[in-house]
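Structure record follows, encoded as structure tokens.
Every read-out reported here was derived from the displayed coordinates using simple, explicitly stated rules and does not represent laboratory data. Just so it is clear, the model here is predicted, and its values are computed rather than measured. We place every Cβ from the backbone using ideal geometry, glycine too, and count neighbours over all the protein chains shown.
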Amino acid sequence: MSDERPERPDVEGPDSAPRQARRPDSHPLEGETTEQEAFEATGDRHLDDTFTDAEPFAEHDDAELDLGDATPADDTGVEAQEGPVLETPDEVVADDDPEGEPLEDEDDLDEDDVDDDSVPPPHAIDADPAEDEQDDPHEDPDADPDAGRREETRTRSAVAAALAGSALSTPPPDEELRDEPEDEVFPLHGGPHEESSADHHNGDAGIPPAGGEGSAQDRPRRRGRWALLAAAVVLGGLYVGGYFLTGTRMPADASIGGVDVGGLSPAAARAAVDEELTPREGDPVTLTHGDESFEIDPAEAGLALDVDASVDQAGGARSWDPRDMVALFFGSHEHAPALDVDDAALKAAVDGVAEAVDVPVTEALITFPEAKPKPRAPKPGLVVRKGDTAQLVQDQYLVQTDPAKVPTAVVEPAVDEDGLERAMTEVAEPAVAEPVTIEVGDKDVDLPVTAYAPALTVEPVDGAMAPVIDPEKLAEPLTDATTGIGKKAVDATVEIRDDKPVVVPGKEGVGLQPQEMAEKLVPVLTETGDQRTVQVEAKVVEPVFTTEDAKALKIVEKIGEFTTEYPHAEYRNVNQGRAAEILNGTILKPGETFSFNDTVGERTAANGFTTGSVINNGRFQDELGGGVSQVVTTTYNAAFFAGLEDVEHHPHAFYIDRYPVGREATVYFGSLDLRFRNNLQSGVLIRAFVEKSSPGGVGRTTVQMWGTKEFEVKAGQSERRNFRAPATRYDDSDDCVPQAPLQGFDIDIYRTLSKGGKVVKRETNTANYQAAARIVCGEEPKDD
């Protein structure tokens, strides 16, 4: 077979290659369609469209082309025109195989077999030969020199139509019909038709497959697919358009922190928000709890307005979220301003509020003063919900109109009053009913109730009241009660020698281990008789507070000191000297809280105190421990300047001028106490001493705090205000003490704590002094 192909294979000529075509007047093969029938099958379709939509056919040099299955679409088409036909014998292809070779079916054609060059170009085919023939019925073909050429062209067109009809006569396989989407069938027209690759494949555009019902049945389904595809394209276009629309204007009826920005451009919205909210950036957020009010400074709390983020989150930025697209036109949209938040600073501000509001829960408790059970009723506590408070501060910032209440939560005690009552009868009373027998080798020692009662409490453990013994508090009375067993251990301590702190090492002993005794005592406290016995062995006893413990406290320097003076009175020398003696040498570990009442104890004669003048019910009167408040005031100021955390202090009812105004404190056992917490990294040693007064002279009380210095402390005060005038009272009782009047007033005391020159904390405490009435001993004069 030659590799060269004629440029016009359908045109007869000396260079034309043999073709597989039969003469019009030859007899068709069995099942074969003639050229005339193929031409009629095209109906009134334009030949150029028909040819263009036809599937390419194969050219074979040594096989005949099968045209036998072509079925005319209808019989109403234009009749085949009469005229000369190509009768050149050279066009008839002889069958080299006398037996006849099976004709190659159209479906068996490979893509490689198709030769597009075998198809004449569309402009070479007459669009409507019948119409051309009827242009002039009286025209003499011989008179027209071009008539012969036109007739030849028409003949070639008829042959091409026949071949195209044969190629289209066999429908595509069902798989192709199912897989290919249906194309619209467009009316044929008189010009060249540009076909797609899909048209080449199945011939749907232009001429539908003849004789097949499959494509007709599949058309509704194909049209549905096209409808879905069209809908998807439309929705996709709307979605993309919505994305580009967001960010160009703000949503309908939108506001930011009360500022209307609906429908504005993002730039205009930013300008509006900046104009309205930026001037409010310095306004504090006010929180309330009961009668207390707290103002949160935005700068100190780390709050600032972010204008750009406010506009973006309110719809000023592009978004793929369909809800943001819908919001451009529908709905009402209120947004809080976006903030820059320093979480650490905000937490510190909330912690400050919590310190003032929190009320610790009071758990049920049974203690054993003088070896007798004493119950303490449980009470609910109250805590600030810090996370909610932090969020509330952010929500109220820039938009607050009224003070907001601090969010709090009630904390219920672990054991209620019924549980406390049961513990009194089932645990506490049996625990101190009789001594506990201790068996040490061949010795039996009775441990008296007074030896372990100071270390014993009954408190909530896993939701129920249970006995608990503190080994540290048990150590000393245990040793004192078992002097016949071993040798007492000595605790390490820190002393001030030559104005320097010195660690005094502890010493080991031999005796009962406080920890072991505490663990073995607890189970037998509710037992009686022989069951109320524990067996232990005497061992080397380590000091409760070791030398290593003392060194680890890093008590190396003086961090606070204060001295007050008092006029001579012997009761002051006694009471202040005794309080200072007990107080001296007290060590606070980091995190521990000091209590004056717990440390010094009740001011009784048995504890070394005498009667002196105290303030009670707004007037001076004599009671045990009078004058101790001087030690309390001195201790408070030493802790104040050491930077220790104030937990509880109470100024006197009215001002006593030998104390620093507003920066003084008093105590009353059972109700008023002085408490402060060691908030330093080091331990704190309290050193206290009194220089006693003599007649005509003054005494001095000094309290020092030793540890490792962390803060530089400065004190300040406001002007006195809210002055209150004193009244006059008459007292005709035998114990009347005359009293001069004192004016009442209020004053604020400031404390500033700094580290490395940077302020880390500011505090304000207010002292409210009552007016001290003028007391006149005797009956009130009667009006004349």
Report relative contact order for the range 292-433 in percent, whole number only (criteria: Cα-Cα under 8 Å, sequence separation at least 6).
23
Taking 7 Å along the Cα-to-C-beta vector as the label spot, tell me the Lys487-Asp446 distance in nanometres, rounded to one decimal.
3.0
Phi-derived 3J(HN,Hα) across the range 567-579 with the Karplus relation (6.51, -1.76, 1.60, θ = phi - 60°), rounded Hz, x for Gly and Pro, is x, 5, 6, 5, 4, 5, 4, 5, 5, 6, x, 5, 4
Find how much the distance from Asp746 to Arg729 grows on full extension, using 0.36 nm per residue of separation minus their present alpha carbon separation; answer in nm with one decimal.
3.8 nm
Using packing as a proxy for protection, rank 377-388, 401-412 so that the peptide with the highest average count of other Cβ atoms within 10 Å comes first.
377-388, 401-412
Which one, Phe676, Ala642, Ser629, is farthest towards the positive end of the dipole of the range 616-704 when Lys and Arg carry +1 and Asp and Glu -1 on their Cβ?
Ala642
Would you work out the charge dipole size for the range 572-670 about its Cα centre, treating the Cβ of every Lys and Arg as +1 and the Cβ of every Asp and Glu as -1, and quote it to the nearest 20 debye?
260
If the chain between Phe689 and Glu570 were fully stretched, how many nm would it gain, using 0.36 nm times the residue separation less the Cα-Cα distance?
41.2 nm
Any idea how far the Cα center of the range 626-647 sits from the one of the range 379-447, in Å?
28
Gln681 versus Glu557: modelled label distance in nm, points set 7 Å from Cα along the beta carbon direction:
1.3
For the range 425-490, with the dipole built from +1 on Lys and Arg beta-carbon atoms and -1 on Asp and Glu ones, taken about the Cα centre, which of Val432, Val461, Pro448 lies farthest toward the positive end?
Pro448
Looking at Ser693, Asn768, Gln704, which one has the Cα that reaches farthest to the positive end of the dipole of the range 660-781 (charges on Cβ: Lys, Arg +1; Asp, Glu -1)?
Gln704
Please compare each pair in Lys473/Lys755; Lys473/Lys589; Lys520/Lys551; Lys347/Lys755; Lys379/Lys714 to a cut-off of 28 Å on the Cα-Cα distance and tell me which ones are over it.
Lys473/Lys755; Lys520/Lys551; Lys379/Lys714
Electrostatic dipole magnitude of the range 641-784 [Cβ: Lys, Arg +1; Asp, Glu -1; Cα centre; debye, to 20]:
1180
Determine, from the Cβ-Cβ distance of Asn607 and Ala304 and an R0 of 51 Å, the FRET efficiency 1/(1 + (r/R0)^6), rounded to the nearest 0.05.
0.35
Added length on full extension, which subtracts the Cα-Cα distance from 0.36 nm per residue, Glu548 to Thr764
73.9 nm
With a cut-off of at most 15 other beta carbons within 10 Å, and DSSP calling the residue loop, which GluC sites (Glu not before Pro) in the range 488-581 qualify? Please list them.
Glu508, Glu527, Glu537
Just to be sure I understand the model, the point goes 7 Å from the Cα along the line to the Cβ. What's the resulting Ala433 to Asp260 distance in nm?
8.2
Hey, with R₀ at 45 Å, roughly what FRET efficiency would Ala317 and Asp291 work out to, going by the Cβ-Cβ distance, to 0.05?
0.50
Student exercise, the range 683-731 dipole from Lys, Arg, Asp, Glu Cβ charges, in Debye to nearest 20
140
Between Asp253 and Asp351, how high is the FRET efficiency from 1/(1 + (r/R0)^6) when r is the Cβ-Cβ distance and R₀ = 41 Å? Nearest 0.05.
0.55
